[in-house]
Amino acid sequence: MRKTIAGLVCAIGLYGQTCTILTPANCGTTEVYAGPPTLQSFVTGLSAALPTALRNVAALPQPRILYSAQIIPASATFMTYDPYSCPNSGTCHFNNPTVIDNFIDSLLAAPPNGAGLKSIDINLWVSPLFQSTQYAANCATYGACYTAPSFYADWFTRGLASYDAVFAHIASSWPGVKVRLAPMFSGDTTITCGIAQGVGNFTELQLEQCAAPLWAAMAARWHVDDMTVTHEPCGVFSLVLGTSPSCATSVADMDTFIQHTAASVRATSQNSAIRIGAGALIGDAGGACPSSRNFWCDWYTNLMPANVLDFGGIDMYPGSSVPAANYNDTLAIYATMAQHVTSAGKAVVANEASAMRWSNPSGPGGEPNTYWGCAASEWMTDGTFMAWARAVPGAWAPANGLRIYSIFPIEPLLMTTTDTANNHCVAGDGYEVALSNALANGTSLSPLGALYGAMAAGWNTSLQGSAHLTGSARLGQ
């Protein structure tokens, strides 16, 4: 029996009309943030793009894959947002093992208490590892030894204690769950290592001497299944190092960085089967192959055949400047990137992925640039999240050879909101604080989380309420 987009949508009365993915003409064009795209144009575009994406892969094999999720409060951005005194004092919304553990439990617990996932991702804050015994034992071997400035030392030590508590919780409560790390510098890391920001102000050797011992320390301290030793050379790496819009390094220098950090991780990891990967945005794969900017090309033509890299990670975000109706153009590029890696005999995964974003096309991109953020309940009630889940992670990803699909903005899986002023999945948004406080009192799961869990289970479950996902998905009453 077949599943249909029609069976995955719920209806809502919006501005006196019924707005769903099936009736996009009824979506609001007033009482929304000014400027194109209107909610109507956004949903209209998706109503064409997502069924097309589904049809494009309908005849292809769609094997079971592993679904994962980013543990947002354990990431560098969120851990460093709280005061330096956390978690020992102050209001600790994110650098708080109780909150982080509740995020993890909500995602890993079996339905109906959780989404039932078997894998998690953490874009780890690396600076706490400066305070670890594993760093002290290995820093001279794999790089240079740096001492945290006095004003950072206690902060890093407390952060390390938070991570130790979280990894201990994973090991005791969720044995067998895949743990995937993607470490990245933050400003406090570069300050500690004496790396000056800006093009021409640092060398590859400085980056490597800073990173390799830290990466090695985390693999030695905790059980890690997958380690992405670099990601987004022209994206987050360039932002952290202050080189944007230029990439963080040349392709050749990034090649060297990957080889040496990968070697340090393999030499120290407590998991002898650890897999090493590298992650990229579309911009990291631009141009011909070979090309002075095509990092992805270097990885699948050089580093994967040499067994330096075990997998390639695609960060799958819809471009804010691309109309929703053209989303399949973006998916076609991702499909080509995936095919390059599978042809090299290696695994390809979605290290990070996002549902569609109602974005300002002239802005800088990303979640802060959206009119309504990822936590808006609109995306469940009008059916866009469900249509996206069925079409992209549910069908497109396995059909194109991805073995893991990790959703980055996990917050709406746990709680959505009707507050249009506070619905963005960024550390400074009031929604994030509300979610953190709610999870401090226990685990939680939203209808979106139940849907993602249903997909991870192979759709062999049902949502509470009117949307059912058993057999042929249908809209029931």
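The values are calculated or read from the model by the stated rules, or taken from the named source; none is laboratory data. Predicted model, so just to flag it, every value in this text is computed and none were measured. Ideal geometry is used to build each Cβ from the backbone, glycine not excepted, and the neighbour counts take in all protein chains shown. Side chains included, ligands, DNA and RNA excluded: accessible areas come from the protein's heavy atoms. Shrake-Rupley method; radii C 1.70, N 1.55, O 1.52, S 1.80 Å.
Summary of values
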read-out	value
C-alpha long axis of helix 39-56 to longest principal axis of the chain, angle in °	80 degrees
Antiparallel bridge percentage (DSSP; both residues within the chain; nearest 5)	20 percent
Length-normalised contact order of the chain in % [C-alpha pairs under 8 Å, at least 6 apart]	22 percent
The chain: angle of helix 133-142 to the longest principal axis, Cα-based, in degrees nearest 10	70 degrees
Heavy atoms of Phe130 accessible to a 1.4 Å probe, total area in Å² rounded to 10	20 Å²
Protein accessible area in the chain, 1.4 Å probe - carbon and sulfur %	54 percent
Amide H partners (placed H, <5 Å) of Ser68, local residues excluded	Tyr405, Ser406, Ile407
In sequence order, calculated HN-Hα J values of region 188-205 (Karplus, 6.51, -1.76, 1.60; Hz; x Gly/Pro)	5, 5, 5, 5, 4, 8, x, 8, 7, 7, x, 4, x, 9, 8, 10, 4, 4
Under 5 Å, built H, 5+ apart or other chain: amide partners of Trp125	Ala76
Sorted largest first, extent of the chain alpha carbons per principal axis (Å)	64, 52, 43
Debye equation applied to the C-alpha atoms of region 239-392, log10 I(q)/I(0) at 0.12 Å⁻¹	-0.61
Efficiency of FRET between Gln62 and Gln339 - r from beta-carbon atoms, R0 25 angstrom, step 0.05	0.95
Peptides 383-389, 169-175 ordered by average Cβ neighbours within 10 Å, highest first	383-389, 169-175
Residue-by-residue Karplus 3J(HN,Hα) for region 224-239, coefficients 6.51, -1.76, 1.60, Hz, glycine and proline x	10, 8, 10, 10, 8, 6, 8, 8, 6, x, 9, x, 4, 5, 6, 5
q = 0.16, 0.26 Å⁻¹: log10 I(q)/I(0) that the Debye formula gives for region 240-309, counting C-alpha atoms only	-0.59, -1.21
Highest to lowest packing among 249-258, 138-147, scored as the average C-beta count within 10 Å	249-258, 138-147
Length-normalised contact order for region 31-139 - Cα pairs under 8 Å, 6+ apart - percent	25 percent
In Hz, Karplus ³J(HN,Hα) per residue of region 174-185 (6.51, -1.76, 1.60; θ = phi - 60°; x = Gly, Pro)	9, x, x, 6, 6, 10, 10, 10, 9, x, 8, 4
Added length on full extension, which subtracts the Cα-Cα distance from 0.36 nm per residue, Thr157 to Asn113	12.5 nm
Whole-number D in µm²/s for region 88-148 (Stokes-Einstein; Kirkwood sum over Cα pairs; 10 °C, 1.306 mPa s)	109 µm²/s
Globularity ratio of region 366-454, using Cα Rg and 2.2 N^0.38 Å	1.12
On Cα atoms only, tilt of 430-439 relative to the major axis of the chain in degrees	80 degrees
Inter-label distance, nm, simple model (7 Å from Cα along the C-beta direction), Ser244/Ala144	2.7 nm
In nm, spacing of pseudo-spin labels at Val199 and Ala25 (7 Å Cα→C-beta vector)	5.0 nm
Separation between Cα centres of region 238-277 and region 147-216, rounded to whole Å	13 Å
